[in-house]
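Heads up, the thing below is written out as structure tokens.
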């Protein structure tokens, strides 16, 4: 793989979905939620090429079906309309009609074709949308390019999230600066197979929809698809990327000399957002990263990493600061990956706790103290090949039960 120079891919502190050229956004309170903002729109000044990845749940929500239909018509989008509080999932024909109606109202608001509108929802499953409030959102929302507008949108898409999640990178393409901005929401029901997880990515790059789709899928497989909070996949997971071509460079493709810059920037952005979601897991106190090296393949390494970080026993041990590496071994043992215990090293932080089938002496008090930090790393080294993978998650706390025991009340 071609190496990417660090100066060609730069994180932009404070950057948002509106940092790329040609985008506006906004958010407002319509009454779907008690007091907080609950309705948002992203708008591109010109039709944008698009890519999207959706939940693999068999119970896909109505907005996903409408969005898939929109994208299939011209592979272009100009607006994304999002509501929180109510998922519009498992709502039958009425829910589908409501999603189409939301698309129609948004298209009228911006005087664009209906198929240029994507629809997304997040919140409680099995409730119908109060369409008078949705109509109010479509007619009253104001979109702008300022940072306050990006923040309003980011606030409007949250449910049980405790923080807004955003990231931004700039990359050099044909000697010109291309910006990639993104935001996401997600806190519970996070185990994507792409959760109540939504992600929105904007860029001013010039790229066709099919090439953008390829780049997005690769980025998601290394980021959003490698996080887990509670092992639950939702009905509404969706990540949408828009590319409006406002930076006039030669169209990107996989043989373009600067293609690795774009792919790396997009992947790093998705990884940032994924880690923010994992850290903000419902009731979580820490972000956990699992690295697996020496597997037979990258796929097997990814499976192992996600299995470890998703184990409830590992997660509860992390919450309690208990360096019980047997929980890690237990998760690995039923991962479906063929592992030789005599060719395996396990580290918690920098401390070797298990090596080649044998427990290793370590200071439990020191490791326990390390596990109580806000960021915890677990590393597994195998001797089977060159496969490398990583995954992110969080601990499992009393508050997770409390939040979900009263989610609707």
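Read-outs: derived from the displayed coordinates by stated rules, not from any lab. A quick note: this is a predicted structure, and the numbers were derived from the prediction, not measured. Please note: Cβ atoms are built from the backbone with ideal geometry, for glycine as well, and neighbour counts cover all protein chains shown.
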- Message: With n ≥ 4 as the cut-off for DSSP H runs, can you work out [θ] at 222 nm for the chain, using -39500 (n - 2.57) per run divided by the number of residues, rounded to the nearest 500?
- Response: -10000 deg cm²/dmol
- Query: Cα centroids of segment 136-161 and segment 366-409: how far apart, whole angstrom?
  - Reply: 31
- Query: Cα centroid distance between segment 195-215 and segment 6-58, in Å?
  - Reply: 11
- Message: With both bridge residues required to lie in segment 287-405, what share of the DSSP beta bridges run antiparallel, to the nearest 5%?
- Response: 70
- Fewest Cβ neighbours within 10 Å first, please rank 132, 144 accordingly. 132, 144
- Message: Need one number: convex hull volume per residue for segment 287-405, Cα atoms only, in Å³.
- Response: 91
- Query: Fewest first, what order do 36, 133, 13, 24 take by the number of other Cβ atoms within 10 Å?
  - Reply: 13, 36, 133, 24
- Note on the structure: Taking a crude spin-label model, label points 7 Å out from Cα along the C-beta direction, the residue 176 to residue 285 distance in nm is 5.1
- Message: If I model a spin label at residue 350 and residue 299 as a point 7 Å from the Cα along the Cα→Cβ vector, what separation in nanometres do I get?
- Response: 3.7
- Task: Tell me which label goes with the value of P(r) over Cα pairs in 10 Å bins from 0, in percent computed from the coordinates here: [x] 5, 23, 30, 24, 14, 4, 0; [y] 5, 19, 25, 23, 16, 9, 4, 1, 0; [z] 5, 24, 37, 28, 7, 0.
- Result: [x]
- May I ask you to give the average projected area over all directions of the convex hull of the Cα atoms of segment 55-96, in nm² rounded to one decimal? 3.6
- If you project the alpha carbons of segment 29-91 onto the principal axes, what extent comes out on each, in Å, largest first? 37, 34, 15
- Message: Let's test the formula: R0 of 51 Å, r as the Cβ-Cβ distance of residue 94 and residue 398. What FRET efficiency results, to the nearest 0.05?
- Response: 0.85
- Reduced to Cα centres, the span from segment 251-326 to segment 163-181 in Å works out to 21
- Item | Label point distance in nm, residue 104-residue 340, each placed 7 Å from Cα along Cα→Cβ | 6.6
- Query: If we count other beta carbons within 10 Å of each Cβ, what is the order of 74, 167, 241, 379, fewest first?
  - Reply: 74, 379, 167, 241
